[in-house]
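Structure record follows, encoded as structure tokens.
Read-outs: derived from the displayed coordinates by stated rules, not from any lab. Note that the structure is a prediction, hence the values are computed from the model and not measured. Note that we place each Cβ from the backbone using ideal geometry, even for glycine, and neighbour counts take in every protein chain shown.
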Amino acid sequence: MENTINLQKAALVIDPSDNVAVALTDLKKGEECILRFNDREEKAVLLEDITFGHKLAIFDIEKDESVLKYGEEIGKMMVSVQKGSYIHNHNMYCERGMK
Amino acid sequence: MTDTFMGFRRKNGTVGVRNQIAIIPSVFCSAKVAERIAYQVPGSVYFRHPVGCSQVGEDLEVTAKTLIAIGKNPNFAGVVVVGLGCERFSPYELAEGIAPANKMLETVVIQSEGDSLAAIQKGSKIAREMQQIASRQVREEFPVSELMIGLNCGGSDMTSGLIANPALGIASDKLVSQGGSSILSEITELIGTEDILARRAINEEVAENIRETIYRTEEKLRRQTQNSSNKDRTHLISTGNYAGGLSSVVEKSLGSMKKSGSAPFSGVIQYGHQPDQKGLFLLDSPGHDGEVSTGEAAAGAQIILFPTGRGTPTGFPGVPVIKITGNPKTYTKMRENIDINAGQVLTGDKSLEQMGHEIYQEILEVASGKHVKAEVLGHDEQFCVTRLP
């Protein structure tokens, strides 16, 4: 598991048009993490703790703006958030399959 | 040069990857007799189910079509139908339905034999003889275009949509590009992907059918949840899904959809039906692990591919279920149940492409006779016939 160290502060951007990344391990508030794109790497500072498998904003995202993962809309923001924020069902909404 | 596998030739032109005898009850009342017959003849498999009587209309029809189709699945060299005698779905109708597959076929009816012990004895003798005949058949080489795989998943976590499902999609594409068949289902877990899937349809009619199938399922769920006495029972997404980082059904669906790769959709098939051509199809079934595998085996799938992030041990009688996990921790914990560790992509040891290729190679090996872990351990929980309201 030579790559464990490299994985510890990384998040994956699945599609180039996405505005969220998926944490590849637990990430802590204040840490800097590597954003892994298909063709490059960038950096982001975490504004909140983000658990493995959960999502963080890789740009500032406005209220009612689409949350994009896999290059598709998975919901919309209930509030505006900054890059590095935690995104989950507390601040994004999606009507499908909920009622 | 197309890839090949070693399978069993059936008289009706289909090819099996296993050569077992199926013991199929026509009604739940004969389930134990069917089970006991299978115990007398190790190597045969039985299909316990709770249906076959006190049903009406389309619900009964789906049960009938599904049980017939399971009997016709090419993995079975022979079938022993076990009836009670007074059930609504008659054992003779079940046997008549299987007959066109032109395989070894006999019917045992408990009320005609006298009692359950007499029926077990008669059925065991028949199954024993069938198995001896089947044991003489040898595998022959066939192109992979003779294979149909069922795509299913359960106990998903974020690694399923991120790694295991996309890797499986690569394997599925490889099979379909060589003329083989693949079936995507779990319509409840495709909500929100209708337009993306419809764009991959071979024509507008299929596109419309895909959209309709998903909308219809969503509408049915809306009706079901409207009168729920417990408000916590209305969300389609589970607590475990939320805990794993999935924030919406659509997010889950996008990951689920990845199992089908990028091949074009040739059509939508109804539960209990078989596609009339080769290619990638969408099967209309709710996203219950067992109901999906059963619908896919009924469609003619000889192998099921099953990504599981959190890990499930289940299998299907007579149809190998290849388990794949994208979560390296789950693989370590459930090594005895999981066949492929796609978590190697997460740890950076393999690329998604390499993983897809590895899954494809495993399909060919399993098709040629390699037993999956669920088979060796006797897991057979996934046989569940879907019900209509």
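General observations
- Cross-link pairs beyond the 26 Å C-alpha cut-off, checked among B:Lys278/B:Lys323; B:Lys174/B:Lys329; A:Lys9/A:Lys63; A:Lys9/B:Lys333: B:Lys174/B:Lys329; A:Lys9/A:Lys63
- B:Arg335-B:Cys86 pseudo-label distance in nm [points 7 Å out on the Cα-to-Cβ vector]: 5.5
- Acute angle (nearest 10 degrees) that the helix B:289-299 long axis makes with the longest principal axis of chain B, alpha-carbon atoms: 70
- Protection proxy ranking, highest mean first, for peptides B:247-260, B:357-370: B:247-260, B:357-370, where packing is the per-residue count of other beta-carbon atoms within 10 Å, averaged.
- Residue of B:Glu106, B:Glu336, B:Glu219 that the Gaussian network model of chain B assigns the largest fluctuation, springs spanning Cα pairs under 10 Å: B:Glu219
- One way to sum up the overall shape of the protein assembly as shown is the equivalent ellipsoid from its Cα gyration tensor, whose semi-axes run 43, 24, 19 Å, largest first.
- Alpha carbon convex hull of region B:20-134, projected area averaged over orientations, nm²: 6.1
- Counts of other chain beta carbons within 10 angstrom of each beta carbon in peptide B:138-148 average 0.
- Helix-only mean residue ellipticity at 222 nm for chain B, each DSSP H run of n ≥ 4 adding -39500 (n - 2.57), per residue, nearest 500: -11500 deg cm²/dmol
- Highest-MSF residue in chain B out of B:Gly16, B:Gly287, B:Gly378 [GNM, Cα springs under 10 Å]: B:Gly378
- A:Glu32/A:Phe59 FRET efficiency (R0 22 Å; Cβ-Cβ; nearest 0.05): 0.85
- Translational diffusion of chain A, estimated by Stokes-Einstein from the Kirkwood radius over alpha carbon pairs at 20 °C in a medium of 1.002 mPa s, is 159 µm² per second.
- Taking the DSSP bridge list for the protein assembly as shown and keeping only pairs wholly inside it, about 40 percent are antiparallel.
- Mean Cβ neighbour count within 10 Å, used as a protection proxy, ranking A:17-23, B:278-284 highest first: B:278-284, A:17-23
- The calculated FRET efficiency for A:Glu42 paired with B:Glu141, based on their beta-carbon distance and R0 = 51 Å, is about 0.50.
- Cross-link partners for B:Lys103 among the aspartates and glutamates, with Cα-Cα distance under 17 Å and sequence neighbours closer than 8 places in the same chain left out: B:Glu93, B:Glu129.
- Within straight-line reach of B:Lys370, meaning a Cα separation under 14 Å, sit the following aspartates and glutamates at least 8 residues removed in sequence or on another chain: B:Asp339, B:Glu362.
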